[in-house]
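To keep things clear, I will list the structure first and then write my remarks on it.
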Amino acid sequence: MDKFVITIARGYGSGGRTIGRMLSEELGIPFYDRELLRIASDESGINEKLFVKADEQLKKTHLFKIAKKVYSGELIPPDNDDFVSNDNLFNYQAKIIKELAATESCIIVGRCADFILRDYENVIKLFVHAPLSKCIETMKELHGKSDKEVEKQILSIDKHRAEYYKYYTGRNWDNAQNYDLCLNSSMLGFDKCLEIVKSYMDIRFR
């Protein structure tokens, strides 16, 4: 297959982003995470700061508990009052993700990319996870916080990721049926995760 995309959903502290970076270097293809916000900003003309703030604004509302806005692919035009709404900011990110999938091979972390590209045959969807105790150990080393502080941070971020995913997809974030491969990074280690993904690609696309 000429072009392919690897999407990575991951638990906080599981190393999913690191695995994405390693795959990017190993396969020689671009890696997209927060870079998508800049590209979406350039495409839409909407200030990048609004994209950055969108997640925080959603996090502080009760939207997740009262409704879900499953992504349909429709962009809101500039003359509409909702042009810079959180939902339309997500729509522009989704538009960029689809354009990338159509034009190049790449790695995309988060952003519900697995759902947005669910009908694309050239997409491998990964979910990277690890036991809470291992995630605490990893993040404690990085940030030098207490076990209790790190555990609270991990649970909060994963809760938000699950709610964000549910809001825009109508699906459960940690449901294995959403993905091609679910990798326990603590059991496998990063290098073996890479080997498994590459072996899967060889079987899937050969």
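Data table
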{"quantity": "Chain lengthening between F205 and N184 when straightened (0.36 nm per residue, less Cα-Cα)", "calculated": "5.2 nm"}
{"quantity": "Segment D33-H143, extension gain: residue separation times 0.36 nm, minus the distance between their alpha carbons", "calculated": "37.5 nm"}
{"quantity": "Gyration tensor (alpha-carbon) shape descriptor, the range 110-206, a/c threshold 1.5", "calculated": "oblate"}
{"quantity": "Surrounding net charge for S14, when Lys and Arg each add one and Asp and Glu each subtract one, Cβ distance under 13 Å", "calculated": "+1"}
{"quantity": "Residue list for the range 14-30, given a label point 7 angstrom along the Cα-to-Cβ vector of K198 and an amide N cut-off under 18 Å", "calculated": "18-30"}
{"quantity": "Peptide ranges 197-206, 116-125, 93-102 listed from the most packed, as the mean C-beta count within 10 angstrom indicates", "calculated": "93-102, 116-125, 197-206"}
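Since every read-out is calculated from the coordinates, none of them should be taken as a lab result. Computed from a predicted model, the values in this text were never measured in an experiment. Ideal geometry is used to build each Cβ from the backbone, glycine not excepted, and the neighbour counts take in all protein chains shown.
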